[in-house]
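Colleague: Let me give you the structure first, and then I'll get to my questions.
The values are calculated or read from the model by the stated rules, or taken from the named source; none is laboratory data. Keep in mind it's a predicted model, so treat the numbers as computed, not measured. Note: ideal-geometry Cβ built from the backbone for every residue, glycine included; neighbour counts use all protein chains shown.
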Amino acid sequence: MKTMSILKHMIMPLALAVFLLAPVRPAQAQYVATAELERDCLSKNKEDIAACVNYVAGVIDYHVMLQSLGTAPTISFCLPANLTKEQAAVVVMAYLRTRPQHDAFIAAAAIPLALNKTFPCRDPHSKKR
């Protein structure tokens, strides 16, 4: 039992030293290109489809958060209350599939464009609705 205690007290500091002295790699920025998002959305793999839908939902959440903070994004969209995140992803895909010029760019920038095209906000003072 005493040997286990001594061993335990030697291993923990050694493991900590190895961890602290290990080389550190800088974080690399990653982004999802529009072509990659399309590939995930059109995949037959459930995990890829879920990744696509959740990516679109995350961009929508971020956009809504910016609006709630009074930081109006330059491209706005107003989603129907009953729109599901899956339906939003379908709208985004329909837009992107007809606009290959977005393929190499960051998908997070193309999603608001797609949603604005389908769900533009109406001017509350306008008589047309």
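Colleague: Which numbered condition in (1) surrounded by 15 or more Cβ atoms within 10 Å (Cβ to Cβ); (2) modelled with pLDDT under 90; (3) charged (D, E, K, R) is the only one that GLU36 fails?
Modeller: Only one criterion in (1) surrounded by 15 or more Cβ atoms within 10 Å (Cβ to Cβ); (2) modelled with pLDDT under 90; (3) charged (D, E, K, R) is unmet by GLU36, namely (2).
Colleague: Please work out which one of (1) touching a Pro at 6+ places or on another chain (Cβ under 9 Å); (2) more than 20 Å from GLN30 (Cβ to Cβ) is the condition VAL59 fails and give its number.
Modeller: Among (1) touching a Pro at 6+ places or on another chain (Cβ under 9 Å); (2) more than 20 Å from GLN30 (Cβ to Cβ), the lone unmet condition for VAL59 is (2).
Colleague: Also, quick follow-up: Look at the range 64-80 and say how many of its residues are in a loop (DSSP other than H, G, I, E, B), within 13 Å of LEU115 (Cβ to Cβ) and not aromatic (Phe, Trp, Tyr). Let's see the steps before the verdict.
Modeller: Step one: of the range 64-80, the residues in a loop (DSSP other than H, G, I, E, B) are 69-80.
Subsequent filtering for residues that are within 13 Å of LEU115 (Cβ to Cβ) retains 73, 75-80.
Filter once more, so that each one left must be not aromatic (Phe, Trp, Tyr): 73, 75-76, 78-80.
The qualifying residues number 6.
Results for (1) loosely packed, with under 15 Cβ neighbours inside 10 Å; (2) more than 13 Å from LEU37 (Cα to Cα); (3) at pLDDT 95 or above, shown as yes or no for each residue.
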| site | (1), (2), (3) |
| --- | --- |
| TYR62 | yes, yes, no |
| LEU66 | yes, yes, no |
| ALA72 | yes, yes, no |
| ALA81 | yes, yes, no |
| GLN87 | yes, yes, yes |
| PHE105 | yes, no, no |
| ASP123 | yes, yes, no |
